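Since the structure comes first, as structure tokens, the remarks are kept for the end.
The values are calculated or read from the model by the stated rules, or taken from the named source; none is laboratory data. The shown structure was predicted, so the numbers you read here are calculated from the model rather than taken from an experiment. All Cβ positions, even for glycine, are placed from backbone atoms using ideal geometry, and neighbour counts span all protein chains on display.
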Amino acid sequence: MSARSLSFLPLIALLAACPDSGPGGTDAGVEIPVEDAGSVLIPDAGPATPEDAGPGPVQIQEVSPVSGSAMGGTRVRVRGTGFAPDSIVLVGGEQGLDMLLTNERIITFRTPPGTPGPADIVVQNSLGSATVEGAFTYYDPLELHSVEPGSGSYLGGSEVRLLGDGFSDETAVLIGGAAVRGIQRIDANEMTGIVPPAASPGEVDVEVINAFGRKVLPLAFRYYAPLRVNEAQPSGGDLAGGYTVTILGEGFHDGVTVQVGANECGDLQVIDAGRLECTVPAGAEVGPVAVTATDATGAYERPAAFVYTAAGDALAIHGSAPDRGPVQGGTRLAIYGSGVTDDPQRVLLGGVEATDLVVDGDRLLVTTPQGSEGTVDLRVETAAGFAERAGAFQYVTPLAVHNLNPRRGPVEGGTEVRVEGVGFGEGLRAWLGGQELEGITQDGNALIFTTPPGAGGPVELRVERGLERARLANAFTYEAPLRLNGLHPNRGAQAGGTYVVLTGTGFSAGPVNVQVGQGAASDVRVINDNTVSLRTPPNLPGTVDVTISVGGESQVLPMAFTYFDPAFINGGSHGGDVEGSVNVTVYGVLMGQMIPQAGALVYLGLESDTPYFGYTNAIGQVTLSGPDIHGPQTVTAMQNMCTSATVVESEGADVTLILYCSAPPSPGGGGGGRPPALYPRLQGTVSGFSKAVFDPATLGPDEVPFAQIQLTQRNAFSSPTPKATIWEVPVDEGGQPCQGGTGNCIVIQGNDMVFADHATFDFITMPGRYALLAWAGIYNSRTEEIVELRQLGVRRGVTAVLGEIHSGLDIHLEYPLEQSVNISLPDAPGQLEGKLGPNKKRVTTYIDFGGEGVYPLGDTDSDSNIIVQEELPSFPGEFMTFYGGSFTRRWEPDNVTGPSCESAAQCEPGQSCVPTMQGNACAGEFIYSYPYSVTLKQGVGRLDSGVTLDPILQFPEITSPVNNGLLEGGYFRWKPAETGVRPTVYQVIIINLVTNHRWDFVVPGDQRKFRLPHVPITGNPEQPPVPGPGAYLWALQAIYIPDFDFESWTYGDLSQANRRSWTLDVELFTKNY
């Protein structure tokens, strides 16, 4: 059969172990949820169990989760009995989407869109049906669209309007992490509330949270400082104006105007929020004037902040600035006038001499002495006399708040509070949590007020008197009754670590502990009285209670949080948009087995200082979660003695990565501990030989008619199915010691070739579903070579089972090998600039039996875009699969092909006869390698009019790094082809040519580059080594898969058997870090 054996030689040795050759690669036709993966099976904890549907073959025992968005798309698992392959699920009368039947006990699906409220779930099939009323609750998803207005004073107190969807009475609103008080829900789309104070101006997030969601508008609200003028520098100047003055204050911005006295200050330039410069206008007369700043929100006036002065003959004080200061003294006072700088002797304020007298240009500078509250006269004495200005300076007692008693009270208000402090007096105003207080009374150095209603949690107290202001943060705590409204998200991975926010009231009343199921939550943090953040403990899949304890009081939210297993045995990405968590599972393929990888390093992003990294648990899972994890994420997994894997910009929240691992060195010793396995045994006859095969006139010396039985292989890119014609069978008595295990065995001699009509075949193979193919023709018994094939017989529907003998598998030879097919490759690309190829067109044909596998019929190459394949069986095109495109053909002289030889004369032209461990053998062959561009076409219909293989992708141009160049900035770049179909996804393989370490990447089809992620240094002694400098190879595969969805895919989807078209090109590069 070598004439029809297709030998897919490796592109390069290190690429031979690509994911297509392992579990989850070419094996992955149908998605198999993790429950079928015995080694990673996690027993279910049994979440909320609906009422039993009653006796019958179909029963629903569990639905999880029990709620989801009315927009649909929630992944739901139904557990029960009697789930047949023809089962369908109805939610509220609508059929579930993307249903997967794991086994007769478990169905998963995505909910269709629905109406908010409870919905029945129905499972029905040919065995019957089961219904659970109200088993799933639809809700309006929470959305936040806008905030109006988008700014407010950082002192708080202004009203804000929020627009969105899904607002409920329990929805909490945070601005800059502080709770909005006085929330009024207008309807599900609108709320209003009072802006809380902030510590300082700036842009902050606005967040809404309820039991059904958490939405954040980043930097959606700007706190600004209200306009305030503190001082002018200089604080006085010539009456004529025309010079620059700097105004210090708060809340300055473009659009503000300033007046000095009655006239506008010109050429205004805002330096920052606390400083501006302008040109002083001319004054009307000497003396102090106010400086006023004005914007759209109002005006702020600082009295006597600037002094106009002018030269004169008489000694006179025109004014001083500032016009006030603390009774403790220490204010630096500037005095303006005529003659005041001519040999000054002393300055008195209220009859008390000031200190530190200095002449500074046209003004005097002094430091005020201590004084008593009230206004005082200013007197300047010089050698020529003195001048006075009545009421020139005001001593004030600075405002300060020292203590409140009590400091706690109910949210309903009504608590009488006594405030101790200084500086209280006539004209005092006060605000609690941004809300102005009414009915304030004073008792010496104390204020007394009654609290108004407020929002739970601590609030600040602000007091103002004249130009004085004092603020005390967390001055009073409103106590709300403990109530737990909900949490978001309400489901998370079984590994724990999901960042969850609880909403309710009364959380600031004391120490907080949270239980999720039976486990204690970690990183519990009280954000405010309405919200608590935490990270979930690990738990088995199922729905559990959430309990919060504050002080000595507790509240329980029954069946509030659902744990699930995010793993997918076929790997890939699914689970919907990333909203706060990425749940990662890591499997390793070791000796053909898929094994959960404990201790694998998993991280998000590109930087080594990423806060989001962790190590997988015993079942290979870790959750990376936080409030700022939203949108596509780059996810990487690494493990010692394994390849590394990265999904670039993963759009799914549940990511399963597959690594390929090597086993540690074996300690040796041991041996078989069990008897040899009883493999499936296949028996049957072959009939229907053509009479022409037995015609002696057509047979040469040593030629005989024959038929050989072959089995289909799983797909076009999997290995041929093994079979054996000599094998051992364990026996209880007699026999000889088994060669392949313990005990005694007898040896069975079977056969897979027959040499007569109705002769019997007998051999063993691996378990599975197959079609058997009997190829008949002429065989040379001396050279043991097939001379010619003329007929084919097929036996379909063979299910081989371990330990069973399958007899009666008779095959009739009914298909002559007389069909020819013209195959066209119109878009096959030619040779690339600077490359060896592609230089050949090549097509391989398969018989495709669907679930029973395929069988290669042979391959043909050509320099032309038209290829003719001959001597094909007369099967219709629906049974044919064609794989072809442009390849790079090159001669490999050292590849040993056989047969044995004594000299090169016994080998094919161009081959040599080389020594091997089994003796001399022929060596040398053409291989078909990269760069290549191919397509796979199945079920092509009629063959008599020819077959066109399309679409064939044009090569993307690799731009960097190339030609052993340096990897710059860690970026890999390419340009997509300008013509033809566009790739839907890219796969990239990076290999260290010294260590052979491989790093696999899956990249969205709309990308043109990606950056190599830096590996975080975690301090863990088991951390995988960081890929260092050296020589590397990178291989770029551009892949076209119709209907491919980067949000939900598996490695099976990426396997060659499931692609339509793809290219492969390779470059070498150097990494210097």
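Quick notes on this structure:
- Pairs, first among the β-branched types (Val, Ile, Thr) in segment 370-381, second exposed (fewer than 15 other Cβ atoms within 10 Å of the Cβ), C-beta under 6 Å, six or more apart: 375/391
- Odd one out for residue 628, checked against (1) touching a helix residue (DSSP H, G or I) at 6+ places or on another chain (Cβ under 9 Å); (2) without any contact (Cβ under 8 Å) to a residue 60 or more places away in the chain: (1)
- Long-range neighbours under 6 Å by Cβ, at least six apart or interchain, first residue under 23 Å from residue 969 (Cβ atoms) and without any contact (Cβ under 8 Å) to a residue 40 or more places away in the chain within segment 1009-1026, second outside any loop (DSSP other than H, G, I, E, B) and among the hydroxyl-bearing types (Ser, Thr, Tyr): 1009/971
- Exactly one residue out of 845, 760 is in contact with a Pro (Cβ under 9 Å, 6 or more places away or on another chain) and either at pLDDT 95 or above or not acidic (Asp, Glu) (or both), and it is 845.
- Given (1) among the aliphatic types (A, V, I, L, M); (2) touching a residue at least 24 places away in the same chain (Cβ under 8 Å); (3) closer than 21 Å to residue 65 by Cα, index of the condition residue 527 fails: (3)
- Qualifying positions in segment 850-866 - surrounded by fewer than 20 Cβ atoms within 10 Å (Cβ to Cβ), outside any strand (DSSP E or B) and among the small types (Gly, Ala, Ser): 850, 851, 864
- From the list 635, 693, 622, 648, the one residue that fits, being buried (at least 20 other Cβ atoms within 10 Å of the Cβ), in the same structural domain as residue 741 (by TED's automatic domain parsing) and either farther than 29 Å from residue 1051 by Cα or modelled with pLDDT of 95 or more (or both), is 693.
- Test: residue in segment 485-503 that is part of a loop (DSSP other than H, G, I, E, B), crowded, with 21+ Cβ neighbours inside 10 Å, at pLDDT 90 or above and at positive phi: yes
- Residues of segment 837-865 that are farther than 30 Å from residue 769 by Cα and free of Cβ contacts under 8 Å to residues at least 60 places away in the same chain: 839, 841, 862, 863, 864, 865.
- Residues located in segment 734-783, provided they are assigned to a strand (DSSP E or B), touching a residue at least 60 places away in the same chain (Cβ under 8 Å) and over 20 Å from residue 680 (Cβ atoms): 759, 775, 776, 777, 778, 779, 780
- Checking 869, 906, 911, 918 one by one, the residue that is within 16 Å of residue 946 (Cα to Cα) and either at pLDDT 95 or above or not acidic (Asp, Glu) (or both) is 869 and no other.
- Verdict on residue 85 being outside any strand (DSSP E or B), outside the structural domain of residue 527 (by TED's automatic domain parsing) and more than 27 Å from residue 431 (Cβ to Cβ): yes
- Matching strands (runs of 3 or more DSSP E) fully within segment 514-617 where at least 1 residues are β-branched (Val, Ile, Thr): 522-528, 531-535, 542-550, 553-564, 579-590, 593-596, 601-604
- Qualifying residue in segment 793-814 (condition: under 20 Å from residue 771 (Cβ atoms), basic (Lys, Arg), in contact (Cβ under 8 Å) with a residue 60 or more places away in the chain and not assigned by TED's automatic domain parsing to the domain that holds residue 907): yes
- In segment 283-296, residue nearest to the chain's Cα centre (by Cα) [restricted to those that are outside any strand (DSSP E or B) and crowded, with 16+ Cβ neighbours inside 10 Å]: 283
- Count - residues of segment 226-252 that are in contact (Cβ under 8 Å) with a residue 60 or more places away in the chain, surrounded by fewer than 18 Cβ atoms within 10 Å (Cβ to Cβ) and either within 55 Å of the chain's Cα centre (by Cα) or over 21 Å from residue 285 (Cβ atoms) (or both): 4
- Residue within segment 262-270 that is at positive phi and of a type in the set (Gly, Ala, Ser) present: no
- For segment 889-938, filtering for residues that are out of contact with any strand residue (DSSP E or B) (no Cβ under 7 Å at 6 or more places or on another chain) and either assigned to a strand (DSSP E or B) or not assigned by TED's automatic domain parsing to the domain that holds residue 860 (or both) leaves 1.
- Any chance residue 196 is more than 26 Å from the chain's Cα centre (by Cα) and over 25 Å from residue 69 (Cα atoms): yes
- Within segment 466-502, the residues that satisfy the criterion of being closer than 12 Å to residue 534 by Cβ and either hydroxyl-bearing (Ser, Thr, Tyr) or more than 26 Å from the chain's Cα centre (by Cα) (or both) are 498, 499.
- Selection within segment 506-531 - more than 21 Å from residue 181 (Cα to Cα) and of a type outside the set (S, T, N, Q): 511, 512, 514, 516, 517, 519, 520, 521, 523, 524
- Subset of segment 159-182 [without any contact (Cβ under 8 Å) to a residue 40 or more places away in the chain and either among the aliphatic types (A, V, I, L, M) or under 12 Å from residue 223 (Cβ atoms) (or both)]: 163, 173
- Out of 305, 299, one residue alone is of a type outside the set (Phe, Trp, Tyr), surrounded by fewer than 15 Cβ atoms within 10 Å (Cβ to Cβ) and out of contact with any helix residue (DSSP H, G or I) (no Cβ under 7 Å at 6 or more places or on another chain). It is 299.
- Applying the criterion of being among the small types (Gly, Ala, Ser) and either at pLDDT below 95 or in contact with a Pro (Cβ under 9 Å, 6 or more places away or on another chain) (or both) to the residues of segment 253-282, the residue that is surrounded by the most Cβ atoms within 10 Å (Cβ to Cβ) is 261.
- Filter pass, residue 172 being more than 26 Å from the chain's Cα centre (by Cα), closer than 30 Å to residue 275 by Cβ and surrounded by 19 or more Cβ atoms within 10 Å (Cβ to Cβ): no
- Qualifying positions in segment 113-123 - surrounded by fewer than 20 Cβ atoms within 10 Å (Cβ to Cβ) and over 16 Å from residue 61 (Cβ atoms): 113, 115, 116, 117, 118
- All positions within segment 848-859 that are in contact with a Ser or Thr (Cβ under 8 Å, 6 or more places away or on another chain) and either among the basic types (Lys, Arg) or at negative phi (or both): 848, 849, 852, 854, 855, 856, 857, 859
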